[in-house]
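Okay, structure first, notes after.
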Amino acid sequence: MTKPEPIAARISRALAERIVSGEIAAGAPLRQDHIAEEFGASHVPVREAFRRLEAQGLVESQPRRGVRVAGFSMEEVREIAEMRSALEVLALRNAAPHLTSAILDEAEDATRAGDQARDVQAWEEANRRFHRLILAPCGMPRLMRSIDDLHTASARFLFSGWRAEWDTPTDRDHRAILLALRRGDTEAAALLLGRHVQWIGQKPARMQVTRSAR
């Protein structure tokens, strides 16, 4: 039987989705009273949710100003990309010995789903699924939690740049990574993954969708 999701985790997840999608803009205040009332909770789980969001870099707590949605600069975008690159390569090297044909087939399906996505949200979900499929077998849960947090931050950057105009990308990098993994060339796959993840840090603030690899 699946345990019910703790209320603090549910609040954190719901607010993160709104921040990442842009529904709640950078600089907007998050008021404990309003959020506690919306979720039918006390202030304790709301404060726990705020701490989680702050750890993810999605909100910031300021003296006498309360909690607000954090903004982001291109320096932060590049930092997130560098961190993701390093951690995902580490995870892939540890996951590679445990990747089965079935897992790689699922990752191929996720790539196809991304190619067919009708909007940036659907593409990002498929993209995140691809990365998680090839990385999760590393058996390092703390590392995967850090990568998940970085994916959330990356999604926010992507949504901000692609919200105005969307054109479904074709993900050549994913296919090249899968090809390397299928032939057992872990180092080639790791090199491709590292470069692939750094793509977001090399784009201008108003990112435009191209047909290049993502």
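The values are calculated or read from the model by the stated rules, or taken from the named source; none is laboratory data. Keep in mind it's a predicted model, so treat the numbers as computed, not measured. Here the Cβ positions follow ideal geometry from the backbone for every residue, glycine too, while neighbour counts run over all protein chains shown. Remember, those area values only see protein heavy atoms, side chains included, never the ligands or the DNA or RNA. Shrake-Rupley method; radii C 1.70, N 1.55, O 1.52, S 1.80 Å.
Odds and ends about this structure:
- For the range 54-119: Kirkwood Rh in Å [reciprocal of mean 1/r, alpha carbons]: 15.5
- Rounded to the nearest 0.05, the FRET efficiency derived from the C-beta distance between Arg13 and Arg183 at R0 = 35 Å is 0.40.
- Fully extending the segment from His43 to Asp109 would add 19.6 nm, taking 0.36 nm per residue of separation and subtracting the current Cα-Cα distance.
- Cα gyration tensor shape of the range 1-117, rounded if a/c is under 1.5, else prolate or oblate by comparing a/b with b/c: prolate
- Full-stretch length increase - Ala55, Arg195 - with 0.36 nm per residue and alpha-carbon distance subtracted: 47.8 nm
- With Cα atoms, 0 to 90° folded angle of helix 120-135 axis to the chain main axis: 60
- Other-chain or far-sequence residues with amide H under 5 Å of Leu30's (modelled H): Val67, Arg68, Val69
- Global form of the range 57-180, assessed from the alpha-carbon gyration tensor, a/c cut-off 1.5: oblate
- Computed about the Cα centre, the dipole magnitude for the range 2-88 is approximately 260 debye when only Lys and Arg (+1) and Asp and Glu (-1) carry charge, each at its Cβ.
- Simple spin-label estimate for Arg68 and Arg172 in nanometres, 7 Å along Cα-Cβ: 4.3
- Local electrostatic count, Ala91, Cβ distance below 13 Å [Lys/Arg +1, Asp/Glu -1]: +3
- Principal-axis analysis of the Cα atoms of the chain puts helix 43-55 at an angle of about 40° to the longest axis.
- Ligands, DNA and RNA left out, the 1.4 Å accessible surface of the range 93-146 is 47% carbon and sulfur atoms.
- Taking amide H atoms as placed 1.01 Å from N in the peptide plane, the amide H of Val59 lies under 5 Å from those of Glu54, Ala70, each 5 or more residues away in sequence or on another chain.
- Each stretch of four or more DSSP H residues adds -39500 (n - 2.57); spread over every residue of the chain, this sum gives -20500 deg cm²/dmol at 222 nm.
- Ordered from longest to shortest, the equivalent ellipsoid semi-axes for the range 34-75 are 22, 11, 9 Å, each the square root of 5 times a Cα gyration tensor eigenvalue.
- One Cα centroid belongs to the range 50-69, the other to the range 104-148; the line between them spans 27 Å.
- Charges were assigned to the Cβ only: +1 to each Lys and Arg, -1 to each Asp and Glu. The resulting dipole of the chain about its Cα centre is roughly 280 debye.
- Principal-axis analysis of the Cα atoms of the chain puts helix 141-162 at an angle of about 80° to the longest axis.
- In order through the range 176-190: 3J(HN,Hα) via Karplus (6.51 cos²θ - 1.76 cosθ + 1.60), integer Hz, x for Gly, Pro: 5, 4, 4, 4, 5, 5, 5, 8, x, 9, 5, 5, 5, 4, 5
- Nitroxide proxy distance, nm - points 7 Å out along Cα→Cβ at Ala86 and Leu143: 1.4
- Computed over Cα pairs, the Kirkwood radius of the chain leads via Stokes-Einstein (1.306 mPa s, 10 °C) to a diffusion coefficient of 87 µm² per second.
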